Amino acid sequence: MIEILIVEDNAAYLDTLKEMIEATDDMSFHTAWRSAESAVNALRHGDFPSEALLLLDLNLPGNGGLSVIPAFRKACPEGNVVVLTQEDNELVVLEAIQAGAVGYLLKNHPIAELRAAIRDIHGGGSVIDAKFSRYVLQALGGRTEGNQDVLSPREHQVLELMAMGKGKKEVADQLDISYHAIALYTRNIYKKLESPNITAAVATAIRRGLI
């Protein structure tokens, strides 16, 4: 079951998200906040599922939505942050990814696509709105010569497949190895690249010329 937290100040859109979650068998609505401040305070003092998924708006009253990410990552260390916003500034997309978001979607996405994206991300993938994909790759794609390749050949395969948006189970099936092996390779990749999640790991690998 995917436990979902939401930070969203638009009441109508929040209701739409709740309805989607409640109508989906493998998703469960946990908590919602209408401001960044209330979310940060609750995350700092409450008890939340370690693997929760956060749907995060950015354009919030008071502090912006990005201020929620550090508190969420501490409260839910195995969780994922999906930015769901109307903010289409390319620099903000990069800032969100660098802060730890593994998904960035605009609110005009159909609900069915959002549901699929949540499942992909919960399975270990990452999803960035197609409008920003090329920009993000270009911005993070400066390669430097002479980098020592710290990844093993198998870790390379895993990272490249996950960079394509495949979840851990899909990677395991494609490489014909166990899900637990993929989880181990993924942890090793994060450690070697000093990255908290797959999006950051891919960005680091591209920047260092490893993939």
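Step through the table entries LYS18/LYS169; LYS131/LYS191; LYS169/LYS192; LYS169/LYS191; LYS131/LYS192; LYS131/LYS166, compare each Cα-Cα distance with 25 Å, and write down the pairs that go over it.
LYS18/LYS169; LYS131/LYS191; LYS131/LYS192
Can you give me the long-range amide H partners of MET27? Hydrogens built in the peptide plane at 1.01 Å from N, cutoff under 5 Å, separation of 5 or more residues or another chain.
When sequence neighbours closer than 5 places are left aside, the close amide H contacts are ILE2.
Would you tally the net charge around LEU55, using a Cβ to Cβ cut-off of less than 12 Å, leaving LEU55 out, and scoring K and R as +1, D and E as -1?
Neighbour charge sum, excluding LEU55 itself: 0.
Full-extension gain between LEU91 and GLU37, please, as 0.36 nm times their residue separation minus the C-alpha to C-alpha distance.
Full-extension gain reported as 17.1 nm.
Report ³J(HN,Hα) in whole Hz for each residue of segment 102-110, in order, from the Karplus equation J = 6.51 cos²θ - 1.76 cosθ + 1.60 where θ = phi - 60°; Gly and Pro get x.
Along segment 102-110, the couplings run 10, x, 9, 10, 7, 5, 7, 5, x Hz.
Quick check on the chain: helices-only [θ] at 222 nm, where DSSP H runs of length 4 and up contribute -39,500 (n - 2.57) each and the sum goes over total residues. Nearest 500, please.
-15000 deg cm²/dmol
Which option, (1) 55, 35, 29; (2) 50, 35, 34; (3) 58, 34, 32, is the value of Cα extents along the principal axes in Å that was calculated from these coordinates?
Only one option fits the structure, namely (2).
Using the Karplus curve 6.51 cos²θ - 1.76 cosθ + 1.60 with θ = phi - 60°, work out ³J(HN,Hα) for each residue of segment 24-31 in order, rounded to whole Hz, and write x for Gly and Pro.
Result, ordered by residue: 10, 4, 9, 10, 9, 6, 9, 7 Hz.
What does the charge count near ASP25 come to, summing +1 for each Lys or Arg and -1 for each Asp or Glu among other residues with Cβ under 13 Å from its Cβ?
Once all neighbours under 13 Å are counted, the net charge is 0.
Work out from phi, with θ = phi - 60° and the Karplus expression 6.51 cos²θ - 1.76 cosθ + 1.60, the ³J(HN,Hα) of each residue of segment 55-62, listed in order in whole Hz, and give x for Gly and Pro.
Those phi angles translate into 8, 10, 7, 9, 8, 10, x, x Hz.
Let me check I've understood the local charge: for LEU106, count other residues with C-beta under 10 angstrom from its C-beta, Lys and Arg +1, Asp and Glu -1. What total comes out?
-1
Give me, ordered by chain and number, the residues 5 or more places off TYR104 or on other chains with an amide H under 5 Å from its own placed amide H.
VAL83, VAL127, ILE128, ASP129
For ALA32, list long-range residues whose amide hydrogen, built 1.01 Å from N in the peptide plane, is under 5 Å from its own amide hydrogen.
ILE6
Only the coordinates and a few stated rules stand behind these numbers; no lab work does. Since the structure is predicted, the reported quantities are computational estimates derived from the model, not experimental observations. Cβ sites come from the backbone with ideal geometry, for glycine too, and all protein chains shown count toward neighbours.
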